[in-house]
Amino acid sequence: MTDSCIIIPCYNEANRLNIEAYKTFQKQNKSFDLLFVNDGSTDNTLSVINNLKAELPNTSILNFKKNSGKAEAIRQSVLSLEYNYKYIGYLDADLSTPLSEILRLLNIAKTENKRFVLGSRIKVLGASIKRKVYRHFFGRLVATFIDSLVLKLEIYDTQCGAKIIDNSLAKIIFKEAFKTKWLFDVELLARTKKEFGKTYCENNILEVPLHQWHDTEDTRISFLDFLKTPLSLLKIYTHYK
């Protein structure tokens, strides 16, 4: 085993998983273990990831019979890990954030001794960041509200689905069930600040601009999720302010 594990939550991903990308990367890079989490899929996702596990080293599977959503699937996965990894991370199964990027975030966490590293979809010269306009606009509204009223940490992008967290910290901030589903990334940051304080966050949390991030056509965030956002923001504000 390695000293790091990357969790990949999967719900009905049989037709979206880039099997060759996983195979190529994991055979060439054994820097971290992969944990695929089948979150109650109703398609052939479990069969697909079982076949992938049979071919790849450093790969394991956690199977939930009932769908509980991305936030809870990752939370339960973190708490279920028996091996004492140094770092735990997660990224989206569709590889909107490439595996090479999560490896870069992991190496930065180790090199700079940070306990919480966030991938950030900031458009800078030389980076390939492709987001739908409406999602970018809505994301900016959410991020501005969250950081100005709750976090106050000057974080640009709380919602990018690529994170690296020190294992001991992860076991603390993933312990309790989340108040929201789509905004659980925000809750992780809010819990860290509430538990350890702003100075700790400033010294131990690092936001890293991604070199590459491409929005997928088959997004799992629905218009209904957007409509529920004000209520979710209110829950976070009242609980973590």
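The values are calculated or read from the model by the stated rules, or taken from the named source; none is laboratory data. Treat the numbers as computed from the prediction; the structure is a model and nothing was measured. Backbone-built Cβ (ideal geometry, glycine too); neighbour counts: all protein chains shown. Side chains are part of the model used for accessible areas, which takes the heavy atoms of the whole protein and leaves out ligands, DNA and RNA. Shrake-Rupley method; radii C 1.70, N 1.55, O 1.52, S 1.80 Å.
Applying a threshold of 6 Å to beta carbon distances and a minimum spacing of six or more residues, or different chains, the list of pairs starting in segment 50-70 at a residue that is on the phi > 0 side of the Ramachandran plot and ending at one that is among the acidic types (D, E) and open to solvent by less than 40 Å² (accessible area, probe 1.4 Å) reads N58/D33.
Evaluating T42 against the criteria (1) modelled with pLDDT of 95 or more; (2) crowded, with 16+ Cβ neighbours inside 10 Å; (3) within 18 Å of D94 (Cβ to Cβ); (4) not charged (D, E, K, R) leaves one unmet condition, (2). Candidates in segment 160-176 are the residues that are in contact (Cβ under 8 Å) with a residue 60 or more places away in the chain and hydrophobic (A, V, I, L, M, F, W, C); of these, the one that is nearest to N204 (Cα to Cα) is I165.
For segment 130-164, how many residues meet the condition of being charged (D, E, K, R) and modelled with pLDDT of 75 or more? Count: 5. Within segment 61-91, being among the small types (G, A, S) and either open to solvent by 50 Å² or more (accessible area, probe 1.4 Å) or touching a Pro at 6+ places or on another chain (Cβ under 7 Å) (or both) holds for A73, S80.
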